[in-house]
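To start, the structure itself, in structure tokens.
The values are calculated or read from the model by the stated rules, or taken from the named source; none is laboratory data. All values reported here derive from a predicted model rather than from experimental measurement. Backbone-built Cβ (ideal geometry, glycine too); neighbour counts: all protein chains shown. Areas reflect the complete protein model, heavy atoms only, side chains present, ligands, DNA and RNA absent. Shrake-Rupley method; radii C 1.70, N 1.55, O 1.52, S 1.80 Å.
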Amino acid sequence: MNVLEADGAALLKAITKLLSAKGVLTEAEIAQQRSAVDNAPPGQGARMVARAWTDADYRAQLLSDGSSAAEAMNIPMRGMPPLGVLENTDEVHHLVVCTLCSCYPKAILGYPPYWYKSAAYRARAVRDPRGLLAEFGTILPPQVKLRVVDSTADYRWMVLPRRPDGTQDWSIERLAAIVRPGDMVGVTIPTTE
Ligand SMILES: [Co+2]
């Protein structure tokens, strides 16, 4: 099954129909809300990535202690599971999943994209991660090692993606604006297009 039309689609359709039939919400309102959540700016995480791309000390901190790097950006982490950050390079690519449920560092990345919680994503990330990535348009060269990491209630993972070529002169703000949630779990790769 295509992950982008994952298992919740039929349920969503049924609930949407019911809510609009009862006059609670119109289908347009539901679609608008859904699109707002799916396309919400990743915000804090993207700022952390952009800073790591431009500041070697911060990058080192981020990779050695994600929680302290988040706190350095005024993101409150008290009471949150520790955050680990894995760097994607031209040799190794990390893909984050929660195989058990949908653990996700919300404080950093906001609400997870709808597909992150789907059974299809959780299963395929383990069984066929390269095929899963291809559905997102991410084709890894065969020599790149793919590591799938499992976020849990006790430890959350985030990816530090590679900085796209051609962004040497970009400001932090401009860099942060191109980093999407999928880039920070490794399903997509930041692009300047
Ligand atoms: Co979980």
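I'm checking my understanding of the structure. Among residues of segment 87-109 that are farther than 17 Å from Thr188 by Cα and open to solvent by 20 Å² or more (accessible area, probe 1.4 Å), which one is farthest from the ligand (Cβ to nearest atom)?
Ala107
Restricting to segment 94-107, name every residue that is assigned to a strand (DSSP E or B) and of a type in the set (Val, Ile, Thr).
Correct list: Val96, Val97.
Pull up segment 125-135, narrow it to residues that are within 16 Å of the chain's Cα centre (by Cα) and not small (Gly, Ala, Ser), then point me to the one that is farthest from Met77 (Cα to Cα).
Here the answer is Glu135.
Please find, within segment 110-120, the residue that is modelled with the lowest pLDDT out of those that are within 11 Å of the chain's Cα centre (by Cα) and open to solvent by 40 Å² or more (accessible area, probe 1.4 Å).
For segment 110-120, the residue satisfying everything is Tyr111.
Report the residue count in segment 110-133 for those that are under 14 Å from Gly186 (Cα atoms) and either of a type in the set (Phe, Trp, Tyr) or not assigned by TED's automatic domain parsing to the domain that holds Arg180 (or both).
3
Do we find a residue being of a type in the set (Asp, Glu), more than 16 Å from the ligand (Cβ to nearest atom) and out of contact with any helix residue (DSSP H, G or I) (no Cβ under 7 Å at 6 or more places or on another chain) anywhere in segment 135-145?
There is no residue in segment 135-145 that is of a type in the set (Asp, Glu), more than 16 Å from the ligand (Cβ to nearest atom) and out of contact with any helix residue (DSSP H, G or I) (no Cβ under 7 Å at 6 or more places or on another chain).
Output the residues belonging to segment 121-145 that are touching a residue at least 60 places away in the same chain (Cβ under 8 Å) and open to solvent by less than 10 Å² (accessible area, probe 1.4 Å).
Tyr121, Leu132
Note down all Cβ pairs under 9 Å where the first residue falls in segment 45-67 and is open to solvent by 40 Å² or more (accessible area, probe 1.4 Å), the second is among the hydroxyl-bearing types (Ser, Thr, Tyr), and they're at least six residues apart or on different chains.
Arg51/Tyr58; Thr54/Ser171; Gln61/Ser68
Within segment 108-120, is there a residue that is of a type in the set (Val, Ile, Thr), assigned to a loop (DSSP other than H, G, I, E, B) and in contact (Cβ under 8 Å) with a residue 40 or more places away in the chain?
Within segment 108-120 (the criterion being of a type in the set (Val, Ile, Thr), assigned to a loop (DSSP other than H, G, I, E, B) and in contact (Cβ under 8 Å) with a residue 40 or more places away in the chain), the answer is no, since none of the residues qualifies.
Within segment 80-91, work out how many residues are within 11 Å of Val159 (Cβ to Cβ) and assigned to a strand (DSSP E or B).
Residues that pass the stated criteria total 4.
Is it true that Ser102 is farther than 30 Å from Gly131 by Cβ and modelled with pLDDT of 85 or more?
So Ser102 does not fit the description; no.
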